[in-house]
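The values are calculated or read from the model by the stated rules, or taken from the named source; none is laboratory data. This structure is a prediction, so every number in the text was calculated from the model and none was measured. Cβ: placed from backbone, ideal geometry, glycine included. Neighbour counts: every protein chain shown.
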């Protein structure tokens with residue numbers, strides 16, 4: 001049995017009489033901070049309302065929440081002063097009165113190396129002003145680490161159909177010679193466009209207010 005003073009918390013999606021995940025309900029006590037700093041990034045696993053779609057019970061409309069998708073959109077500095085103090089124009093400026101959100105669409109996120117020496121390759125600086133061009137906001141293209149493979153060769157004697165016949169040896173590859181386990185062709189996934197790990201798609205959201 002619940003204590004008499006217990007009041008169930010209210011979250012978007014479970015407020016009686018409202019469509020699931022439709023509106024943002026502020027904290028019942030004005031001025032109470034939710035503990036999440038402005039500019040924080042979270043993973044959101046649900047669908048988001050787009051301008052060309054209709055809101056359903058399995059879709060979230062961020063217009064009623066202090067969160068935005070990280071898609072590089074431009075925001076007014078005067079409307080989002082706290083967020084501008086956090087990221088500035090690190091991800092680019094749009095005129096003199098707007099700044100851009102980070103664009104994480106299609107990206108894996110990687111922690112800044114901070115001299116740990118795991119991220120040894122050069123990085124592309126962010127589009128805006130950065131204290132460290134190789135730090136937060138910088139990007140890298142996909143790559144495969146430089147490596148070598150051993151290839152076993154088998155000598156074969158070949159007699160061409162010539163007169164007089166000439167015998168010579170050629171080196172042919174052994175189809176069963178690999179550096180690791182032999183996989184059936186159907187078990188090997190090949191992409192013509194990228195190198196990637198096993199992954200699942202999510203939305204990256206940023207706290208704006």
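Quick notes on this structure:
- Hits in segment 86-102 - residues which are over 13 Å from residue 136 (Cα atoms), in contact (Cβ under 8 Å) with a residue 24 or more places away in the chain and out of contact with any helix residue (DSSP H, G or I) (no Cβ under 7 Å at 6 or more places or on another chain): 92, 93, 98, 100, 101
- Scanning segment 52-64 for residues that are modelled with pLDDT under 75, touching a strand residue (DSSP E or B) at 6+ places or on another chain (Cβ under 9 Å) and in a loop (DSSP other than H, G, I, E, B) turns up at least one hit.
- Pairs linking a residue in segment 140-155 that is on the phi < 0 side of the Ramachandran plot to a residue that is part of a loop (DSSP other than H, G, I, E, B) and at pLDDT below 85, with Cβ atoms under 8 Å and 6 or more positions apart or on different chains, are 149/179; 150/179; 151/177; 152/174; 152/177; 153/174; 154/174.
- Number of positions in segment 88-99 that are surrounded by 18 or more Cβ atoms within 10 Å (Cβ to Cβ) and within 23 Å of residue 122 (Cβ to Cβ): 3
- Residue count, segment 65-84 (criterion: outside any loop (DSSP other than H, G, I, E, B), surrounded by fewer than 17 Cβ atoms within 10 Å (Cβ to Cβ) and in contact (Cβ under 8 Å) with a residue 12 or more places away in the chain): 4
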